[in-house]
Amino acid sequence: MRSTTRAPWRRAFVTWGGAAALGLGVALTATAEDAPAVGLPFEEQVQVCGACHGNDGNSQQAGTPSLAGQPELTIVNQMIYFRERLRQNEVMTPQARGLPDVEIQALAAYYHEQPVAAPEGEPDPELKARGQEVASQQRCASCHLSDYRGREQMPRLAGQREDYLVAAMVAYRDRTRGGPDTTMIDVMRGIDDDDIDAMAHFFTYLHVEE
């Protein structure tokens, strides 16, 4: 039986129009410098994001992360970092410019609810086993949980695009990612490329049977 309870992202979307009256400082009129999605109907905002991340949050674009199944706070934090230029990215910083908190929260809630698609291809058993070993040594599960689904501001790793995971871990190690959270810089210090490749492979194919 289908539930009649309104989904969290729907609730957030319905309430955004009155948010300014509650003192949340939502800008109801987009300016020329705002991101393309600012002020659009929610379904159109999803299409804007989906051009790169996929409408269901499962990215088919090289180097672009999937958002499906990510913890809401993970998405909210990163979008605010981009919007406030605490984290710089030539694509995402302009896309987040001017997005009100309530619209970011609605998008985060929507993508959190989307099922994570199975990755393409087949896992390499030896590479996956090595990645599991390195992840255990680095105690990745202490923050990202034992099934690597993430929690709060810690992102989901399970099922994430392999190429994106490699790029993200290399950027942390090489201190080029930016943003206010420096925890991962310490975690990735001294990890070589081979072990990064192995961890990325393990996380991507974690729930794929060999």
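Observations, loosely collected:
- Every residue from segment 38-79 that is within 12 Å of the chain's Cα centre (by Cα), among the β-branched types (Val, Ile, Thr) and part of a helix (DSSP H, G or I): Thr74, Ile75, Val76
- Among residues of segment 157-195, those that are open to solvent by 50 Å² or more (accessible area, probe 1.4 Å) and not in a helix (DSSP H, G or I), counted: 10
For every residue, the table says whether it meets (1) more than 17 Å from Pro36 (Cβ to Cβ); (2) crowded, with 18+ Cβ neighbours inside 10 Å.
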{"residue": "Pro71", "(1), (2)": "yes, yes"}
{"residue": "Ile75", "(1), (2)": "yes, yes"}
{"residue": "Met79", "(1), (2)": "no, yes"}
{"residue": "Glu84", "(1), (2)": "yes, no"}
{"residue": "Val91", "(1), (2)": "no, no"}
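- Any hit, segment 163-181, residues being among the charged types (D, E, K, R), modelled with pLDDT of 95 or more and within 15 Å of Gly131 (Cα to Cα): yes
- Tally, over segment 93-109, of residues that are closer than 27 Å to Arg175 by Cα, open to solvent by 50 Å² or more (accessible area, probe 1.4 Å) and among the polar types (S, T, N, Q): 1
- Pairs where the first residue, in segment 78-89, is free of Cβ contacts under 8 Å to residues at least 60 places away in the same chain and farther than 18 Å from Arg156 by Cα and the second is among the hydrophobic types (A, V, I, L, M, F, W, C) and part of a helix (DSSP H, G or I), C-beta under 6 Å, 6+ apart: Phe82/Met92; Phe82/Ala96; Arg83/Ala96
- Qualifying residue in segment 121-130 (condition: buried (at least 18 other Cβ atoms within 10 Å of the Cβ), within 18 Å of Gln78 (Cβ to Cβ) and of a type in the set (Lys, Arg)): no
The values are calculated or read from the model by the stated rules, or taken from the named source; none is laboratory data. Please read these numbers as outputs of a predicted model, since none were measured by experiment. We place every Cβ from the backbone using ideal geometry, glycine too, and count neighbours over all the protein chains shown. Surface accessibility is based on the protein's heavy atoms, side chains included, excluding ligands, DNA and RNA. Shrake-Rupley method; radii C 1.70, N 1.55, O 1.52, S 1.80 Å.
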